[in-house]
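What follows is calculated from the coordinates using simple rules that are stated; it is not laboratory data. Computed from a predicted structure; not experimentally measured. Positions of Cβ are generated from backbone atoms using ideal geometry, with glycine treated the same way; all protein chains shown enter the neighbour counts.
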């Protein structure tokens, strides 16, 4: 992908995550820039207020701004330290989705109980420190808690979801919230039957001839692009 395409995906993810209620005044999205040691990330204001790809900020892996007019997010360290620890990760979504946040307060990993939840792996760990990730040391601790997992829950403080590209990270953030919601609902009635490692591998492995991330991304991106156009037209008529 080109830098322009990566920036466009980050901007689209802001629209999707805000439209689906996974971020409000807080949250951020980032991605590695192709052929560069730098990362593009949303600025230090609400994702829904990002007007376009040109508003994004570029930082190095020490969290220092190298391009853009705005400040990087206060928690830029969670992005830089995960990218440093996980070279295969190409994008990150920092969300505050309600059901997943509620689950994080239980202090136990989230395990899949439905098909889409399987794309988060056998379990999503919990980072036990409830505070903002405001320095490199906390960023490294969070990256260690994440380990090789697809996502991590921050106790009472949202989530961080990985992907090879922005589209994947964004869709997995949506799947994570669905997984937590289904698990919480099932617990109201009894003890959910979680998926085994073998079931997860069968559901998500290379033998499944289906692009789950691509189909979901196309749907949500179109849904929120249409909503955005309608809002702009309505504002223009006003």
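Each label was represented as a point 7 Å from its Cα along the Cα-to-Cβ direction; for residue 71 and residue 137 these points are 2.1 nm apart.
Against the main long axis of the alpha-carbon atoms of the chain, helix 212-237 sits at an angle near 40°. Inter-label distance, residue 211 to residue 86: 2.3 nm, where each label sits 7 Å from its Cα along the C-beta direction. Largest GNM mean-square fluctuation among 17, 138, 176, using the chain with Cα springs under 10 Å: 138.
Estimated at 0.36 nm per residue, the fully extended path between residue 225 and residue 3 surpasses their Cα-Cα distance by 77.9 nm. Distance from the alpha carbon centroid of the stretch 1-53 to that of the stretch 119-184 works out to 17 angstrom. Between residue 187 and residue 60, the contour length at 0.36 nm per residue exceeds the Cα-Cα span by 41.4 nm. For the chain, the longest principal axis of the alpha carbon atoms and the long axis of helix 3-19 meet at an angle near 60°.
For the stretch 89-163, the relative contact order works out to 45 percent when only alpha carbon pairs closer than 8 Å and six or more residues apart are counted. Multiplying the residue separation of residue 144 and residue 45 by 0.36 nm and removing their Cα-Cα distance gives an extension gain of 32.9 nm.
For the pair residue 25 and residue 102, a Förster radius of 25 Å applied to the C-beta separation gives a FRET efficiency near 0.85, rounded to the nearest 0.05. The C-alpha atoms of the chain define a longest principal axis, and helix 136-146 lies at about 40 degrees to it. If you run the Gaussian network model on the chain, springs between alpha carbon atoms under 10 Å, then out of 212, 96, 38 the most flexible one is 212. Relative contact order for the chain: 20 percent, from Cα pairs under 8 Å spaced at least 6 residues apart, divided by residue count.
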